[in-house]
Structure formats: C-alpha cells, structure tokens
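J.: Okay, here's the structure, questions in a sec.
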Amino acid sequence: MKRKLRQVRGMGRGCMLMLGIACMAGFGACGMGKTADGNADDAVWAQSVDTAMGTIVTQRLDAGDRGEEFTEQIIKEITDLEEDTLSWRLESAEIYRINHGAGAAVSKADSGTDFTVEVSEELGEILEICLELAKGSHGALDITIGEVTRLWSIDALAVMEQQDLTGDELPTEKEIAACLEETGYEKLSLKGQQLVMEAGVQLDLGAVGKGVALDRICSFLEQQEEVQGAVISVGGSILTYGEKRSGEPWIVAVTNPFDTSQTIGYLTLQGQWCVSTSGDYERYVEIDGTRYHHIIDPHTGYPADSDVRSVTILTKDGLLSDALSTACFVLGEEAGKRLAQSYGVEALFVDKEGKITMTEGMKDYFQRK
Ligand code: AMP
Ligand code: MG
C-alpha cells in the first residue's frame, strides 16, 4: 500500500472557523477511565496517559463501549512502530539493523563504500518522504544526523544534575567535525525498497517518529467505525480526529517556550488535523547560561541557533507536521515560513524575544491567549 501524504498541497487558507473559548480537550486527565464530557455532550470518553516511544502518550477517545480497548490498541500500534521499525536503540528495529549493518563500525575503514539494504515497504515510503524534505529544506532536516545526535546525547546529559555539569561533558569541535563527515542526506538514496547508503552513516528518525505514529493512529481510527472523535498526543505531536458529539471544536494549546507550564494560545480545529511543535525547551541542558538542546543544525553540528524558540506546524499529515516543525526550527522564521508555504502547511513561530508570527492561513486557527 502506497503511503500517501494526507496533506492537500497548496491548501491555502482553510475555511474560517468560529473561535470559541473551550477548555483543552481533556489532556492532563490521569489513569484509564470513562467520563461523561459535560452536559451538552453524551459522549463516553476513554482517557489514558501512557509512555510509548520514549514519550508521554495522552489519549481521549469517544468510541462508545470500545474506547478503552482502542486506547490500548493504539499504544500497541505505537510500540510496534518503535520496536519493529523506527528505533535506533532496539535491536528488533529496522533502523537499528540498518545502522549496525550498512552504516556500521566497518565504516571508518570502508569510508566511501556504498552499502545496499532492502527496507520494508513502510520504511521505504517514510525514507522517501524524509529525503524529499531534506532536499526541500536544503538539509535543515537530515535523518543522517545520527552520529551527531549520539555524540551530543542531550538526553543522557539532561538526566545528570544540571549543576554538576562543567562543560567538559560537551563534545569538542574536533569530535563534531568528525561526525559531520559521516552526515549528509546525499549519502543516502532509494531505488524502490533498495536503500543505498554510504558506510558510517547513522540514521536517526527522531524528528519524524511521532508524526509517523500519528499517521498510523489515524489509519487505525479510520478502520474503527465506532470512533466518533479522538484527540491523541504523542510527545509534541497531536492528532485530532472526527468530531465531538456536541459539535464543539477541538482545542489544541500551544506551549509557551518561556514558561512551559503556560500556553501562548490555542488552535481551534474541526475534524482531522496534525499539530507538531519543536522547541528548545523539550530536551536540553544549560551550562554557564548556555542552553544546549536536542535540535541540531546539520550544517554546523551544534544545537540550532536560529531566531526561534519554538515552531508549531498545522497540517493533515503527521510525518509532514513533525518533519517540518524540526526543519523550520533549524531554518528560523523567514526561511521556515517559506518552507512551510512551499508545502502548503500552516506554521507559527515564537522567536527569542517572545514575538509570535505565523503564516496567513494559521490566523484562521490560532487564538492568542
Ligand atoms: P523534534 O523534537 O521533532 O524537533 O525532533 C528532534 C529529534 O530529531 C532529536 O531528538 C534528534 O533525534 C533528531 N534531530 C535533531 N536535529 C535534527 C535535524 N536537523 N534533522 C533531523 N533530525 C534531527
Ligand atoms: Mg519533528
């Protein structure tokens, strides 16, 4: 089955939506259970908060008696995707096997050698889109960034006590330069399901994984006729699906990057959408007043230092929303906006001074707090 982008290219300004105040669609609810959703709505919401794909997955799903069952199946879908395909940590995953096969330690000696690996149809389709986006973003999104992200290991640093960090834990310029030698989307090409890859390259699909998960979840929901509506977040990526029985819109809050306990506003959405945010507040360490975060500029090998602190992308397609939020973060506001427009998606930027700017079409959905 050919993976199709849910995005309708050049969608331009969407239909005008009535912006109404409503509370966030049930996020923050803990544990599994069923709740009535207020007086105006006879929906039965199954709610759950779990961990999958190394992140928090929050679900709120209206599917009558089957809601709870579906939330469990959705967690399984995400876990399978991670375990079978996307993980670079789990031996069972295709990406792990590719990194430890074609891109493996043989690399340095074999530098310049090409390896060919047969990939699954699903991974082939994901990689094809990632490569197209890498070209389209002039390398701002680059899934060959694995050597560099592993060198930085921001997650590992983040679990250390921040006050104990001296700066010696950070990679040196020399180490970064060496990893950049093994980085570059031009080192990859696809011929159908044949992936040709230069030795030493390490893939990292962290920038798109949550979006791919949203696409999987969306396909799952489409197959369940009991599902009336759902809002599901996988880390910084959120899927809205179907409708609330009350007819009210979905409300998706946008985090304030200067104070992550606060929001800067919210999107008002009807039906199926994907919203992904990339920000420097998600995973980072601070040493001597400098923030080292998890989004790398593939041209420098250092955490991207553009003019933005967060980028939110709104589109129908999960992979596209996730990939473009990362790419636009690296590119910054001006080039990021151009990239978003070229893909017909809406984008919202919060810059380092806290100024909010957005594409014209985003104004139809975003309400400032
Ligand atoms: P996101 O939070 O969606 O912006 O994705 C960030 C994750 O993607 C990081 O934790 C890395 O695993 C990976 N990554 C970081 N920088 C890049 C980049 N420029 N291109 C592709 N992947 C990246
Ligand atoms: Mg992303």
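We did not get these values from a lab; they are worked out from the coordinates using the rules stated. These numbers come from a predicted model, not from an experiment. Neighbour counts are summed over all protein chains in view; Cβ atoms, including those assigned to glycine, are modelled from backbone coordinates with ideal geometry.
J.: Consider just the alpha-carbon atoms of the range 152-252 and return their Rg together with their Dmax, both in angstrom.
T.: 20.9, 59
J.: So between Glu77 and Asp288, what do we pick up on full extension, going 0.36 nm a residue minus the alpha carbon distance?
T.: Here the segment from Glu77 to Asp288 would lengthen by 71.8 nm.
J.: Follow-up question, since we're still on this one. With each label point set 7 Å from Cα along the Cα-Cβ vector, what nm distance links Glu360 and Ser92?
T.: 4.9
J.: Using only Cα atoms, find the angle between the long axis of helix 209-222 and the longest principal axis of the chain, and express it within 0 to 90 degrees, rounded to the nearest 10.
T.: Long axis of 209-222 versus the principal axis of the chain: about 40 degrees.
J.: Something else about it: If you project the alpha carbons of the range 252-330 onto their three principal axes, what span does each projection cover, largest first, in Å?
T.: So the extents along the principal axes, rounded to whole Å, are 44, 29, 18.
J.: Next up: Return the subset of Lys316/Lys352; Lys191/Lys355; Lys210/Lys369; Lys187/Lys352 for which the Cα-Cα distance in this structure is over 32 Å, preserving the input order.
T.: Lys191/Lys355; Lys187/Lys352, as the Cα separations exceed 32 Å there.
J.: Moving to a separate point now. So what's the chain giving for Rg/Rh, alpha carbon basis, Kirkwood Rh from the mean inverse pair distance?
T.: Computed over Cα atoms, the ratio is 0.96.
J.: With loop defined by DSSP as not H, G, I, E or B, and exposure as at most 10 other Cβ atoms within 10 Å, which is the longest segment of the chain clear of exposed GluC sites (Glu not before Pro)?
T.: 226-352
J.: Would you pull out the residues with amide H under 5 Å of Gly265's amide H, same chain only if 5 or more places away, H placed 1.01 Å from N?
T.: The list, which skips near neighbours in sequence, is Val254, Lys369.
J.: For Ala177 and Thr260 in the same chain, what is the full-extension length gain: residue separation times 0.36 nm, less their Cα-Cα distance, in nm?
T.: 26.6 nm is the gain from fully extending Ala177 to Thr260.
J.: What's the FRET efficiency of Glu128 with Glu353 using the Cβ-Cβ distance as r and R₀ = 35 Å, to the nearest 0.05?
T.: That pair, Glu128 with Glu353, gives E of 0.35.
J.: So if each residue of separation counts as 0.36 nm, and I subtract the Cα-Cα distance between Glu69 and Thr113, what length gain in nm does that give?
T.: Stretched out fully, the Glu69 to Thr113 stretch lengthens by 11.0 nm.
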